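Step one of this worksheet: look at the structure below.
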Amino acid sequence: MKYFFYYLFIFNTCVLFPQNIGSNGVKSDSRINDLFELIKNRISKNSYSNLKIKGSEYFDEKFKPADIKYFDKDLNQNIFLRYNAYSDELEFTNNPKTESSDKILMKNINISCQIEKEKYIYTDYIDENNFKKKGYLIELFSGKKYGLYEKRLKIFMEGSNAKTSLERSFPPRFVEKYKYFISKKNNTKKEIKLNKKNIIDFLDLEEELIKKIIKERKLKFKQSSDLKALLIEVDKIQK
């Protein structure tokens, strides 16, 4: 009887996760095909070809090796991704030397990926205006009580011509912006400004204790690493 269940398990595994031989001769899990989709109804990068645009949609235009997890299971595949911070998409290719791709990673809360040292997650979050949204965040810290996340954006700004000699002309351009989010006990991530008052109000600790940590660590909150340092210290005193 035990052999029957063994063969039943093998059969179900093959049905659920069949493998195909790819063009490169390497076995490919058919789940991979379900994780990527063609980009549809998206403004092509070539739409801007007649414009002299300053900057880029990307913080890094190179496709990098990526590790993808689907329901916390590693998919061992030859995959390269790059983050499009303008469209909030992870573009996909099998060839790291390519300059463009018409495929993106499916936006799903059960799919996460590691591009070099950065972990991208697709998740719900609440912005500074208290609107609930979905998008990609980069995990900067995950502790026992708090999590810290960063959102990188590229915003397209139309060009403008100077109307007088006292004004300046600006070309069309992509402007970069960073936002930060904190989750408490794995609840929805909420946007937080990098200033002392907002951080103290958000954290569920005595104000004097937080101020003591800030003073001892000489935290100025000019960058996210200061907020991360504070959360690490806070995490040490959480039960």
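We did not get these values from a lab; they are worked out from the coordinates using the rules stated. Computed from a predicted structure; not experimentally measured. As a convention, Cβ positions derive from the backbone with ideal geometry for all residues, glycine included, and neighbour counts pool all protein chains shown.
I want to make sure I understand the PRE zone here: with the label point 7 angstrom from the Cα of residue 124 toward its beta carbon, which residues in the stretch 90-111 have backbone N atoms less than 15 Å away?
Only 108-110 fall inside the zone, counting backbone N under 15 Å.
Hey, what did the stretch 133-239 get for relative contact order, percent, Cα under 8 Å, at least 6 apart?
Reported relative contact order: 23 percent.
Of the listed peptides 185-193, 87-95, what is their order by residue-averaged count of other C-beta atoms within 10 Å, with the highest listed first?
The most tightly packed comes first, giving 87-95, 185-193.
Subtracting the Cα-Cα distance from 0.36 nm times the residue separation, let me have the gained length for residue 185 to residue 76 in nm, one decimal.
Additional length available on full extension: 36.2 nm.
How many angstrom lie between the Cα centre of the stretch 92-166 and the Cα centre of the stretch 175-239?
Centre-to-centre distance over Cα atoms comes out at 21 Å.
Using Cα pairs under 8 angstrom and six or more residues apart, how large is the relative contact order of the stretch 78-121, in percent?
Reported as a whole number, the value is 27 percent.
Cβ under 13 Å from residue 96's Cβ, residue 96 left aside: what net charge do those residues give with Lys, Arg +1 and Asp, Glu -1?
-1
Using 0.36 nm per residue of separation minus the Cα-Cα distance, give me the extension gain between residue 197 and residue 95 in nm, one decimal.
Taking 0.36 nm per residue and subtracting the Cα distance, the gain is 32.0 nm.
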